[in-house]
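FYI, it's all coordinate maths here, none of it is from the lab. Just so you know, these numbers come straight off a predicted model, no measurement behind them. In this analysis, Cβ positions are derived from the backbone assuming ideal geometry, glycine residues included, and neighbour counts consider all displayed protein chains.
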Protein chains: 2
Amino acid sequence: MGITERREREKQEVRQRILDAARELFVKDGYEAVTMRKVADAIEYSPTALYLHFKDKEALIRELCHEDFLSLARAFQRIAREPDPLERLRKIGHAYVDFGLTHPNHYRLMFMTERGVQTTDEEQKEMGKGNPTQDAYAFLRATVVEALLKEKLRPEFTDPDLISQALWAGVHGVVSLHVAMRHDSWMDWKPVRKVAALVTDTMVDGLARKKDR
Amino acid sequence: MGITERREREKQEVRQRILDAARELFVKDGYEAVTMRKVADAIEYSPTALYLHFKDKEALIRELCHEDFLSLARAFQRIAREPDPLERLRKIGHAYVDFGLTHPNHYRLMFMTERGVQTTDEEQKEMGKGNPTQDAYAFLRATVVEALLKEKLRPEFTDPDLISQALWAGVHGVVSLHVAMRHDSWMDWKPVRKVAALVTDTMVDGLARKKDR
DNA sequence: TTCGTGAACTTAACGGCGTTAAGTATGGGA
DNA sequence: TCCCATACTTAACGCCGTTAAGTTCACGAA
């Protein structure tokens, strides 16, 4: 008899309604705006009901972000076809910036706030760490490694992690500066994508073996 | 009679004690750890007493940061002697990273959180906007302008704001990534200063007119 | 010398937050 | 029919920033 299945399904529906309500608040106004009480209000439950579905607020929002992590991984995956590693690095930068600008609140949570997440080695393995199809950093690193092997980079650069982290830092700088300070009237900001393109191109060019330039 | 002066001095002393107590909490554990009640406790006053000296928590912490903003400006000022604009750019990057690593909590507040600060044009003028000795961005921009004038940069780069913001984004990326994710066990981080040096050098080299390379 | 005043401070409270403990209704299984 | 697990609610705790109202008291004027 499918009674327990129906129960389970109903529970998942409530869970999804919580997620939807939370998403709406989060996307619009960020982490602080997502209040257990407000989410509960939105779905006409008592605040404590949320704790039957999520351990705490952090777990709720973490789940919210999971979906968008996947979308970043998917965007990177679309780039895998690009044969030239240098060109692929440029496209990675572009996709990364796109992601950050499309999901600024997720971006802030993912990369701009201290997360004391201690995951064990097994958990990381399980979550796809090191697998370029699931781990965005691994994808970037693999591309750098390929560029090194194909001798596309200047010979003094040899450490793939150092190079990957430098490239990441570059685009991350553009996105995070934008996310945090776009409303700061002190600065006269140039269009983000222009700055991003300049950073990416300059860094890739700076790393690349000279050709005809 | 110096009575009102004494009163004023005493008031300033209390104000300073508040700032000191708040600083201790802030430097150690950041914005959220600074609680009006905890600060009040530390100086053995009631929480509401703080509001006689500061409009609100934000004003208190803003004042805390002011001092460190000055120290950044001072660090940049020491670089002004460097005659070669390209070398100066490198040194700016280094000083900036140093600042961020020395004051991570201040850094987070200054550059990694959305601050809906709306300042008028006059206020900005008064606070030294555009003056390279007080406005760090202006100092960076002036250096870029000098590099452009001395034809140190490749001819396709012409917009000083675009270039300045790209350079800033680069080092900011390194610092902010470090500040936010240094405890994330997912990543195997290379030493920050190494990454920073690579980003700075690569960008400056990438922007610079080719010479013998 | 007394009195009024204003500044510095406290107490009490408000409305918010995340979260927990304890209680309640209900519907399926024995 | 009764039991009990499950899904929920109510009430509360201890935080938070902040405000309103009250208290204390040294000073300056009368």
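Quick look at the numbers
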quantity	calculated
Residue-wise HN-Hα coupling along region B:190-195, computed from phi with Karplus coefficients 6.51, -1.76, 1.60 (Hz; x: Gly, Pro)	6, x, 3, 5, 5, 4
Alpha-carbon centroid distance for the pair region B:68-141 / region A:38-63, whole angstrom	42 Å
For chain B, calculated [θ]222 nm from helices alone, where every DSSP H run of n ≥ 4 adds -39500 (n - 2.57)	-22000 deg cm²/dmol
Sum of side-chain charges, residue B:87 neighbourhood, beta-carbon under 13 Å (Lys, Arg +1; Asp, Glu -1)	+1
Shortest-first nm distances, residue A:182 label point to equivalent points in other copies (7 Å, Cα→Cβ)	2.9
Estimated vicinal HN-Hα couplings, Hz - region B:174-186 in sequence order (Karplus 6.51, -1.76, 1.60; Gly, Pro = x)	4, 5, 5, 4, 5, 4, 7, 10, 4, 9, 7, 6, 5
Farthest positive-ward along the protein assembly as shown dipole, Cα basis, beta-carbon charges - from B:171, A:120, B:104	B:171
Largest-first principal axis extents of the Cα set of region A:1-54 (Å)	44, 19, 16
Rounded, prolate or oblate (a/c below 1.5 giving rounded, otherwise prolate when a/b exceeds b/c) for the protein assembly as shown by Cα gyration tensor	oblate
Kirkwood-based shape ratio for chain A, expressed as Rg/Rh from alpha carbons	1.06
For residue A:46, inter-copy label distances in nm, listed shortest first [label point 7 Å out on the Cα-Cβ vector]	3.5
Pairs of Lys in region B:1-100 closer than 19 Å at Cα, counting only those 8 or more apart or on different chains	6
Environment charge at residue A:97 (Cβ cut-off 14 Å; Lys +1, Arg +1, Asp -1, Glu -1)	+4
Cα gyration tensor category, rounded, prolate or oblate, for region A:88-157 with a/c compared to 1.5	oblate
Cβ charges +1 (Lys, Arg) and -1 (Asp, Glu), total dipole of the protein assembly as shown, debye	820 debye
Region A:76-202: C-alpha gyration tensor shape, a/c 1.5 cut-off, then a/b vs b/c	oblate
Segment residue B:6-residue B:194, extension gain: residue separation times 0.36 nm, minus the distance between their alpha carbons	62.5 nm
Number of partner chain Cβ atoms within 10 Å, mean per residue of B:191-197	3
Listed peptides B:173-183, B:37-47, A:120-130 by packing density, highest first (mean Cβ within 10 Å)	B:173-183, B:37-47, A:120-130
Cα-based helix-to-principal-axis angle, B:57-79 vs chain B, degrees rounded to 10	40 degrees
In order through region A:12-26: 3J(HN,Hα) via Karplus (6.51 cos²θ - 1.76 cosθ + 1.60), integer Hz, x for Gly, Pro	5, 5, 4, 3, 5, 5, 4, 4, 4, 5, 5, 4, 4, 5, 5
Unit charges on C-beta of K, R, D, E only; dipole of chain B, Debye	540 debye
Using a 7 Å Cα-to-Cβ projection, residue B:150 label spacings across copies, nm, ascending	3.8
For B:109, A:162, order by how many other beta-carbon atoms lie within 10 Å, fewest first	A:162, B:109
Cα-centre dipole for region B:17-90 with unit charges at Cβ (Lys and Arg positive, Asp and Glu negative), debye to 20	140 debye
Residue A:153 long-range amide H proximity, modeled H, under 5 Å	A:209
